[in-house]
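Okay, so here's the structure we're looking at.
Every read-out reported here was derived from the displayed coordinates using simple, explicitly stated rules and does not represent laboratory data. Computed from a prediction, not measured in an experiment: that's the story for all the values here. All Cβ positions, glycine included, derive from the backbone under ideal geometry; neighbour counts span all protein chains shown.
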Amino acid sequence: MSAAAPDPSTINAVSVDGVAKRFGSVAALDGISFTVAPGEIFGFIGPDGAGKTTLFRILTTLVVPDAGTARVLGLDVVRDLWALRTRVGYMPGRFSLYPDLSVEENLDFFASVFGTTLKAQYDLIAPIYRQIEPFKERRAGALSGGMKQKLALCCALVHRPEILFLDEPTTGVDAVSRREFWDLLGELRAGGLTIVVSTPYMEEAGRCDRVALIAGGRILDVDAPDAIGARYPLPLLAVRGPRRFELIQALRRHPHARSVYPFGDELHYTDAREAVDPAAVAADVQAYLSAEGFADTVVEPVRAGIEDSFMALMGAPEGAAA
Amino acid sequence: MSADAAVEAHALTRRFGAFTAVDAISFSVAQGEVFGFLGANGAGKTTAIRMLTGLLAPTSGEARVAGRDVYTQAEEVKRRIGYMSQRFSLYEDLTVRENITLYGGIYGLTDREIDERADRLLQTLGFTHAAGDLVRSLPLGWRQKLAFSVAMIHQPEIVFLDEPTGGVDPITRRQFWEMIYAAAAGGTTVFVTTHYMDEAEYCDRVSIMVAGRIAALGTPDELKRRYDAASMDEVFVRLARADEGGAQEAAT
């Protein structure tokens with residue numbers, strides 16, 4: 001972060017400093033700080049219970065933090081909440097539209113709350129709304145998951161917000177609908193909208209300009225997705241071969257194994273030795289596997305992705321069984 | 001139909017009014033297999049699973065699970081299967097041990113069996129210290145591991161897992177899959193749905209449902225070869241995109 005005074009034209013869309021929130025004995029957010037630049041897609045990547053929803057509720061003025069300050073569009077989320085509310089769009093994680101109203105009635109309602117009409121804002125939401133418009137008479141509760149999600153996005157956009165907060169918009173959504181949804185976000189970003197979005201799907205990090213990895217109410221790292229992967233501190237190998245389950249066990253017995261995880265059709269092996277040539281480690285592990293009776297395996301160094309980094313930064317999950 | 005398949009569906013069909021949610025699907029799952037049951041939202045997966053677990057009657061067709069007809073021998077089937085639903089599997093207001101005791105009782109285990117299996121289960125999960133905690137207070141990853149173990153408490157021949165890893169952290173997600181492998185190695189057939197395409201690669205075979213039908217079925221390697229795809233994600237996108245609209249829009 002630069003220490004220079006901010007240029008007013010590049011004032012942060014979001015600026016959070018030391019925000020904490022507790023519910024009883026649980027620290028939902030444990031003193032987090034970050035900034036989001038205007039026009040960015042900024043992603044919060046983390047599992048259930050990481051604190052993502054609490055953070056989004058604070059940023060949309062629905063929950064007051066115990067400590068720290070948060071500014072959105074330059075406005076304080078506690079003091080300036082009324083000024084802020086008309087300028088942010090929020091799509092909560094749980095489906096929060098009126099199930100007994102039709103698609104069109106829901107949109108009319110949300111438009112009228114903000115003193116506008118569906119007609120006046122049609123051009124803005126048209127790229128998304130057109131996909132569900134053939135079903136505008138249908139009750140919102142009777143829509144499929146993918147259509148509900150598109151309607152919720154339309155309702156969050158209908159008052160022309162300057163920044164959009166999307167809390168896990170793709171959770172429980174199939175891989176194809178997820179891709180389409182991210183394509184839509186890309187189009188909105190191209191129109192100049194700032195988007196803050198959370199997801200438990202690590203591979204969606206690649207769709208963001210920058211991401212924060214979040215777990216247990218703390219931010220583990222913030223950067224462009226590639227930059228986070230590039231910081232992976234230890235040699236990482238991809239191992240391919242038959243008898244996966246046994247292969248995992250064998251790799252874990254390697255004297256220098258730090259971690260071994262299945263990764264799609266590969267296994268990812270992290271070696272505990274720092275500052276060694278990954279190619280040499282690959283040769284060593286290959287020889288080790290041959291000696292252990294796994295002759296037909298392929299071992300090669302691989303670049304770390306977000307999920308590798310996330311697991312390394314997380315360390316052991318709570319209550320990990322041996 | 002072969003006698004020794006764990007799950008066998010023949011022209012299994014379910015209509016809701018004019019809408020055909022599951023359209024004459026036929027497939028079989030071998031004993032001890034890890035079978036991935038994939039499909040887009042609204043493709044008919046949940047309806048199919050509800051029929052296979054005896055929770056919903058088919059409009060036509062036949063399903064056999066653990067060698068028994070799901071409709072004429074429903075009670076015998078229920079004793080031989082475990083089911084972990086995505087939405088609900090444990091009572092949040094009960095403690096960890098109370099949940100285990102409750103499910104053990106429902107499945108007709110003796111008090112001694114329940115005690116022994118509860119102790120072993122808690123030890124295996126490393127949860128012994130949390131036996132008296134309310135399930136509500138547990139992190140999601142713990143809850144899902146516990147729910148799986150509880151679904152296995154009566155040592156079923158087949159366990160049905162409906163999106164067991166949704167929202168779970170990446171390390172716990174992988175530990176969950178090791179539990180699945182261990183169950184399969186012990187002879188239990190695992191029938192699992194997921195939206196994580198990397199997990200599709202962990203299955204022995206996968207089927208992909210599109211618009212109520214099984215559009216593809218095979219090992220991950222076979223499917224990747226057949227669709228000339230680098231990953232299961234690509235296979236999935238190709239198949240589901242081929243049916244843009246129809247299935248999804250009709251679903252309720």
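Observations on the model:
- For B:198-211, mean number of other protein chain Cβ atoms within 10 Å: 2
- Each eigenvalue of the Cα gyration tensor of the stretch A:218-274, multiplied by 5 and square-rooted, gives one semi-axis; in descending order these are 24, 14, 10 Å.
- Helix B:140-151 and the longest principal axis of the Cα set of chain B meet at an angle near 90°.
- Kirkwood hydrodynamic radius of the stretch B:1-90, from inverse mean 1/r over distinct Cα pairs, in Å: 13.5 Å
- Projecting the Cα atoms of A:V176, B:F236, A:L73 onto the charge dipole of the protein assembly as shown (Cβ charges, centred on the Cα centre) puts A:L73 farthest toward the positive pole.
- Here the gap between A:A83 and A:E137, fully extended at 0.36 nm per residue and compared with their Cα-Cα distance, gives a gain of 16.1 nm.
- Residue-by-residue Karplus 3J(HN,Hα) for the stretch A:77-89, coefficients 6.51, -1.76, 1.60, Hz, glycine and proline x: 5, 9, 6, 9, 4, 5, 5, 6, 4, 7, 9, 10, x
- Cα convex hull of the stretch A:7-124 - mean projected area over all directions, nm²: 9.4 nm²
- Residue-by-residue Karplus 3J(HN,Hα) for the stretch A:222-234, coefficients 6.51, -1.76, 1.60, Hz, glycine and proline x: 9, 4, 5, x, 5, 5, 5, x, 5, 7, 3, x, 10
- Annotation note: trypsin sites (Lys or Arg not before Pro) in the stretch A:228-263 located in DSSP loop regions with a Cβ neighbour count of at most 13 within 10 Å are A:R231, A:R243, A:R253.
- Counting only other chain Cβ atoms within 10 Å of each residue's Cβ, the peptide B:157-170 averages 4.
- Calculated FRET efficiency, A:R258 to B:D204, Cβ-Cβ distance, R0 = 22 Å: about 0.15 to the nearest 0.05.
- Dipole of the protein assembly as shown [Lys/Arg +1, Asp/Glu -1 at C-beta], most positive-end residue of A:N12, B:P139, A:I163: A:I163
- The loop-placed chymotrypsin sites (Phe, Trp or Tyr not before Pro) in the stretch A:75-169, going by DSSP, that have at most 16 neighbouring Cβ atoms within 10 Å of their Cβ come out as A:F95, A:F114.
- Counting Cβ atoms of other protein chains within 10 Å of each residue's Cβ and taking the mean over peptide A:41-48 gives 3.
- Over the stretch A:167-236: Rg over Rh, Cα atoms, Kirkwood Rh: 0.99
- Relative protection proxy for B:200-207, A:72-79, A:290-297, from highest mean packing down: B:200-207, A:72-79, A:290-297 (other beta-carbon atoms within 10 angstrom).
- Whole-number percent relative contact order across the stretch A:121-191, with pairs defined as alpha carbons under 8 Å at least 6 apart: 36 percent
- Extreme residue, positive dipole direction of chain B, given options B:T110, B:A215, B:F191 (C-beta unit charges): B:A215
- Taking one quarter of the surface of the convex hull spanned by the alpha-carbon atoms of chain A gives a direction-averaged projected area of 19.9 nm².
- With each label modelled as a point 7 angstrom along the Cα→C-beta vector, the B:S137-A:L62 pair spans 2.7 nm.
- Rounded to the nearest 10 degrees, the angle from helix B:111-125 to the longest Cα principal axis of chain B is 70 degrees.
- Positive contributions from Lys and Arg (+1) and negative ones from Asp and Glu (-1), summed over other residues with Cβ under 13 Å from the Cβ of A:A13, come out at +1.
- Extension gain, A:E187-A:A224: 0.36 nm per intervening residue step, less the Cα-Cα distance, totals 11.4 nm.
- Full extension of the chain segment joining A:T69 with A:F245 gains 58.6 nm, where the gain is 0.36 nm per residue of separation less the Cα-Cα distance.
- Value of Rg to Rh for the protein assembly as shown (Rh from inverse mean 1/r over Cα pairs, i.e. Kirkwood): 0.97
- Note on the protein assembly as shown: antiparallel DSSP beta bridges, both residues inside, total approximately 60 percent of the bridges counted.
- Here the contact order of chain A, divided by its residue count and restricted to Cα pairs under 8 Å and six or more residues apart, works out to 19 percent.
- Links that overshoot a 26 Å alpha carbon limit, given the list A:K119/A:K148; B:K45/B:K78; B:K45/B:K224; A:K52/A:K150; A:K150/B:K145: A:K150/B:K145
- In Hz, Karplus ³J(HN,Hα) per residue of the stretch A:69-74 (6.51, -1.76, 1.60; θ = phi - 60°; x = Gly, Pro): 10, 9, 10, 10, 6, x
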